[in-house]
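> There's a structure below that I have some questions on.
Throughout, read-outs are computed from the coordinates displayed, never taken from laboratory work. All of these numbers come straight from a predicted model, not from anything done at the bench. In this analysis, Cβ positions are derived from the backbone assuming ideal geometry, glycine residues included, and neighbour counts consider all displayed protein chains.
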Amino acid sequence: MWRRVSSLTQFVSPTKSSSILNQVSLIHVYACTFLYGFDSSIYIEDLGIIHYTDTQLAKFFFFHVLSGGPGSGKGTQCEKIVETFGFKHLSAGDLLRREIDSKSEYGSMILNTIKDGRIVPSEVTIKLIQKEMESSDNKKFLIDGFPRCEENRVAFEQIIGAEPNIVLFFDCPVEEMVKRVLNRNQGRVDDNMDTIKKRLKVFEALNLPVVNYYAEKGKLHKICALGTEDEIFEQVWPVFAACKQVI
Ligand SMILES: Nc1ncnc2c1ncn2[C@@H]1O[C@H](COP(=O)(O)OP(=O)(O)OP(=O)(O)O)[C@@H](O)[C@H]1O
Ligand SMILES: Nc1ccn([C@H]2C[C@H](O)[C@@H](COP(=O)(O)O)O2)c(=O)n1
Ligand SMILES: [Mg+2]
């Protein structure tokens, strides 16, 4: 089955480190990324048919990133997005917590890092995300809480070979984030005042520069994270609905 491709560049942008980029032109890669999961050959208007091997295709997917401070509501909105638009939700924090529970070789290091409100080394988190991406049949990913710092961002681009299509930033006042985290009641080791203070400092120093980076690239959608969950989803919905029309 062939699918026509139009207006791709605003949705996808593989990085220069992508191995396939050395072999094909940008427009090919855009289309390949865009159409992942449909075909191992694609038709592009004006360019004709391009064939890719499954291995090459496996490199490409369509993904959005959700960013925002602790308790800003990323996880909550992800559930709604998944329900409505069918993305695969990958929460970096959940994957790290699962790793702690599995008592893997990194478990105690991850636990201590999270308790201390710091960021786990990129290669550990990326390995977990990558494993999930590679084993998922759904190639539309919603990555929640990653990248958290420039090092996360650069390492992800180098290892995975692509940038997010769209980045949502949940803008929430500090007092509200603190209130929500302290009321969360999910037994998280980092939901206490001491760790929250540290997480907020890390968020401001390390996460906000990444948000600004995506803003400069025109990929950022700022969401006002104050209001009811449904009111916030009313702002989120149009961003995803616009993409759905062309997937
Ligand atoms: N709009 C909202 N109004 C009030 N409470 C909310 C709202 N959205 C989410 N919450 C609640 O706030 C808490 C934090 O939300 P959530 O876990 O989605 O945040 P998060 O951004 O994923 O945080 P973290 O980065 O710490 O994982 C949860 O208890 C959730 O039920
Ligand atoms: N990219 C990431 C994401 C998360 N972590 C650690 C540090 C966070 O405080 C903790 C919880 O994450 P959340 O569930 O709030 O998204 O997990 C990290 O080190 N690197
Ligand atoms: Mg969360």
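> Tell me which residues, restricted to segment 74-112, are within 20 Å of Ile196 (Cα to Cα) and within 16 Å of ligand 3 (Cβ to nearest atom).
Within segment 74-112, Lys74, Gly75, Thr76, Ser91, Ala92, Gly93, Asp94, Leu95, Leu96, Arg97, Ile100, Ile110 meet the criteria.
> Okay, moving on. Considering Pro70, Pro173, Pro147, which residue is within 16 Å of ligand 3 (Cβ to nearest atom), under 24 Å from Thr195 (Cβ atoms), over 15 Å from the mean Cα position of the chain (by Cα) and not hydroxyl-bearing (Ser, Thr, Tyr)?
Pro70
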